[in-house]
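Input: a single structure, listed below in structure tokens.
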Amino acid sequence: PQRVVWVLGDQLWMGHPALVDFNPATDHVLMVEAPGEARAVWNHRARIAVFLSAMRHFCNDVHRLGWAYTYVRLTDMADEPSLAGRAQRVLQSLQPRVLRLCEPGDWRTLTSAQALADDLGVDLELFADPHFMCSRTEFARWAQGKKTLRMEFFYRDMRRRHGVLMEGRDPAGGQWNYDSDNRQGFPASGPGPIAAPELFAPDRITEQVLTLVAELFPDHPGDLAHFVWPVTRAQALEALERFISVRLAPFGPYQDAMWTGTPWGWHSLLSVALNLHLLDPREVIAAAEAAWREQHLPLASVEGFIRQVLGWREFIRGLYWLDMPQMAEANHFDHHRALPAWYWTGQTRMACQREVVQQTLTHGYAHHIQRLMVTGQFALLAEIEPRQVSDWYLAMYVDAVEWVELPNTVGMALHATGPRFTSKPYIASGQYLKRMSNYCQGCAYDPAQRTGPRACPVTTLYWHFLLRHADELARNPRTALMVKSTARLSPEERLRINQTAADVLDHLDDL
Ligand code: FAD
Ligand code: SF4
């Protein structure tokens, strides 16, 4: 072949920029499964299975088109586990003039593909990824000259630029953001009946993949028995349709709410399909906007959802490429503690952490507030080293690709990038978790107590964090009020908080 198109595992769409002008007479598709990828970090087995199954389904589409392709399976090339090493072998035998590649989802794959092309003396044709609605160049232009970057302003630009939820030059309904309508907990009696999301029983290909993953990765974390993810474009479209028609309206008010035994809440579960490129963000946004315009779904829910996809998702991706590779080293608070072992098992007496970690082990899924305010904020308050936390998130979620996982973890959850793109650390005491969930009801600890035998570790560490970082937090108008509450503490109470916190921090594995 003259040109080899290397289709990576998270680029599974016919809109792939190197496939749209594919010439069957001279071009060749390359797809590579690599055990090295699964082992680069410790991986949830459902995450490995999602990628493999979706890749195999996509390769079937390529096969049906009659195009020439090479598909390297996990069990091929037993002596070469790495992605780049495997690709190199195939390219050596195919000897193309050009290697065509669409911008990968992580820095490491980009640099290793560049090195590979150099080594082989092959021209690398690198395409911008048109899946995203803001290119890396456009984002860099937007960010130029700005010291701090804020999603809200980026999002307004994107609304204007793409004409989403606009009425002339104004935002639909007169406001850009309806979040104040959206932060409700479930009623005290519980969430009530929740219309189920579209979940997919494994087909033959997925069954084979599940068996293979169970065989090859017996000691990796995560359950395979509850695999429900869309792995084809047709399934992704069904999932989108179901979300818009029955779940989008209540998604808005309850997007921050948590409840035991309620892993999905009213969330869309579309991140997997979006991140594999089985769905185009434009069609997702258009479907949500149409539901408001034509079916009169509440604007607060529709805007809240669109902000996640058009705002946060694009913003986060822009930041990743703007600030890599140094983002991976960010550690604003200079935290170096080890990740507690229960992050991998869920075996802790803290009901909130237990619930979220166990749900994650079962499904490879937790929704945003669970990731941010339960496991994420605990890692921040417990002074865990950002890299270890980030490795955990990359390993544990079925939707994890580094461009989206890393900025969310180090930037949003851990504030490890300082004020670069979040205006404050997201911290709250156990009382917040009590308000937003029923977790505290089944807990060995009491969210109202910061010292004493039943003190809630989240609450203790929250107060300890306020005391420890009082100067920095007092200078920030968004956190100044929080710090003021420490002024009322007597010297004895401060001492008790610091002593209790020291004890908690010394025994993180035993909580
Ligand atoms: P919904 O709540 O239904 O939201 C709709 C869509 O909006 C999502 O599918 C997603 O594509 C997008 N979205 C929402 N919030 C964000 C965000 N903060 N950043 C980017 N996109 C967003 N998301 C991932 O896709 N992969 C990750 O590896 C990932 N890691 C995260 C790690 C941490 C510490 C945190 C706090 C968040 C992380 N997120 C990640 C963002 C978010 O939690 C997930 O996108 C969301 O929970 C996926 O579930 P859903 O599809 O039901 O989302
Ligand atoms: Fe979590 Fe504290 Fe509530 Fe227990 S009491 S569930 S540790 S917030």
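The values are calculated or read from the model by the stated rules, or taken from the named source; none is laboratory data. Owing to the predicted nature of the structure, the values given are computational and were not obtained by experimental measurement. Positions of Cβ are generated from backbone atoms using ideal geometry, with glycine treated the same way; all protein chains shown enter the neighbour counts.
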Practice prompt. Among the residues of region 27-74, write down those that are at pLDDT 95 or above, under 30 Å from residue 345 (Cα atoms) and among the β-branched types (Val, Ile, Thr).
Written response: 48, 50
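May I ask you to verify whether residue 316 is crowded, with 21+ Cβ neighbours inside 10 Å and under 30 Å from residue 17 (Cα atoms)? Before you say what the answer is, go through the steps one by one.
Working: crowded, with 21+ Cβ neighbours inside 10 Å: no; under 30 Å from residue 17 (Cα atoms): yes.
In short, no.
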Item to complete: Considering (1) within 15 Å of residue 165 (Cβ to Cβ); (2) within 16 Å of ligand 2 (Cβ to nearest atom), say which one residue 302 fails and leave the rest.
Response: (2)
Worksheet item: List, please: which pairs have Cβ atoms under 7 Å, are six or more places apart or on different chains, and start with a residue in region 349-372 that is at positive phi and end with one that is more than 8 Å from ligand 1 (Cβ to nearest atom) and in a loop (DSSP other than H, G, I, E, B)?
Response: 364/44; 364/222; 364/398
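Among the residues of region 249-271, write down those that are in a helix (DSSP H, G or I) and in contact with a helix residue (DSSP H, G or I) (Cβ under 6 Å, 6 or more places away or on another chain).
Within region 249-271, 249, 251, 252 qualify.
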Worksheet item: Within region 408-421, restricting attention to residues that are of a type outside the set (Gly, Ala, Ser) and part of a helix (DSSP H, G or I), which residue is surrounded by the most Cβ atoms within 10 Å (Cβ to Cβ)?
Response: 409
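Suppose we filter 257, 214, 188 for residues that are under 24 Å from residue 393 (Cα atoms) and within 16 Å of ligand 2 (Cβ to nearest atom); which single one remains? Give the steps one after another, and end with the answer.
Numbers: 214 fails: within 16 Å of ligand 2 (Cβ to nearest atom); 188 fails: under 24 Å from residue 393 (Cα atoms).
One residue alone meets the criteria, 257.
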Discussion item. Against the conditions (1) among the charged types (D, E, K, R); (2) modelled with pLDDT of 95 or more; (3) farther than 24 Å from residue 128 by Cα, where does residue 10 fall short? Just the number, please.
Written reply: (3)
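Taking region 440-461 only, how many residues are in contact with a Cys (Cβ under 9 Å, 6 or more places away or on another chain), closer than 19 Å to residue 489 by Cβ and surrounded by 15 or more Cβ atoms within 10 Å (Cβ to Cβ)?
Of the residues in region 440-461, 6 are in contact with a Cys (Cβ under 9 Å, 6 or more places away or on another chain), closer than 19 Å to residue 489 by Cβ and surrounded by 15 or more Cβ atoms within 10 Å (Cβ to Cβ).
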Item to complete: Could you tell me which of the residues 484, 424 is within 16 Å of ligand 1 (Cβ to nearest atom) and either surrounded by fewer than 24 Cβ atoms within 10 Å (Cβ to Cβ) or touching a residue at least 12 places away in the same chain (Cβ under 8 Å) (or both)?
Response: 424
Worksheet item: What about residue 387, is it away from ligand 2 (no atom under 16 Å from the Cβ), in contact with a helix residue (DSSP H, G or I) (Cβ under 8 Å, 6 or more places away or on another chain), part of a helix (DSSP H, G or I) and outside the structural domain of residue 466 (by TED's automatic domain parsing)?
Response: no
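Name the residue that is farthest from residue 230 (Cα to Cα), counting only residues in region 331-383 that are within 16 Å of ligand 2 (Cβ to nearest atom) and not in a helix (DSSP H, G or I).
Filtering region 331-383 down to residues within 16 Å of ligand 2 (Cβ to nearest atom) leaves 340, 342-343, 346-360, 366, 369-382.
Then drop every residue that is not not in a helix (DSSP H, G or I), which leaves 340, 346-350, 366, 382.
Working: 340: 32, 346: 26, 347: 30, 348: 32, 349: 34, 350: 32, 366: 17, 382: 36 Å.
That would be 382.
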Worksheet entry | Lone qualifier among 270, 276, 297 - being buried (at least 21 other Cβ atoms within 10 Å of the Cβ) and either over 19 Å from the mean Cα position of the chain (by Cα) or more than 30 Å from residue 391 (Cβ to Cβ) (or both) | 297
Discussion item. Any residue that is of a type in the set (Ser, Thr, Tyr) and under 24 Å from residue 353 (Cα atoms) - is there at least one of those in region 249-261?
Written reply: yes
Worksheet item: Which condition number in (1) of a type outside the set (D, E, K, R); (2) in contact with an Asp or Glu (Cβ under 9 Å, 6 or more places away or on another chain); (3) within 30 Å of residue 51 (Cα to Cα) is the one that residue 205 fails?
Response: (2)
Worksheet item: With respect to residue 361, is the statement that it is at pLDDT 95 or above and closer than 23 Å to residue 476 by Cβ true?
Response: no
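Table: residues versus (1) loosely packed, with under 15 Cβ neighbours inside 10 Å; (2) over 19 Å from residue 208 (Cα atoms).
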| residue | (1), (2) |
| --- | --- |
| 12 | no, yes |
| 52 | no, no |
| 58 | no, no |
| 87 | no, yes |
| 92 | yes, yes |
Practice prompt. Please find, within region 428-460, the residue that is farthest from ligand 2 (Cβ to nearest atom) out of those that are outside any helix (DSSP H, G or I) and touching a helix residue (DSSP H, G or I) at 6+ places or on another chain (Cβ under 6 Å).
Written response: 451
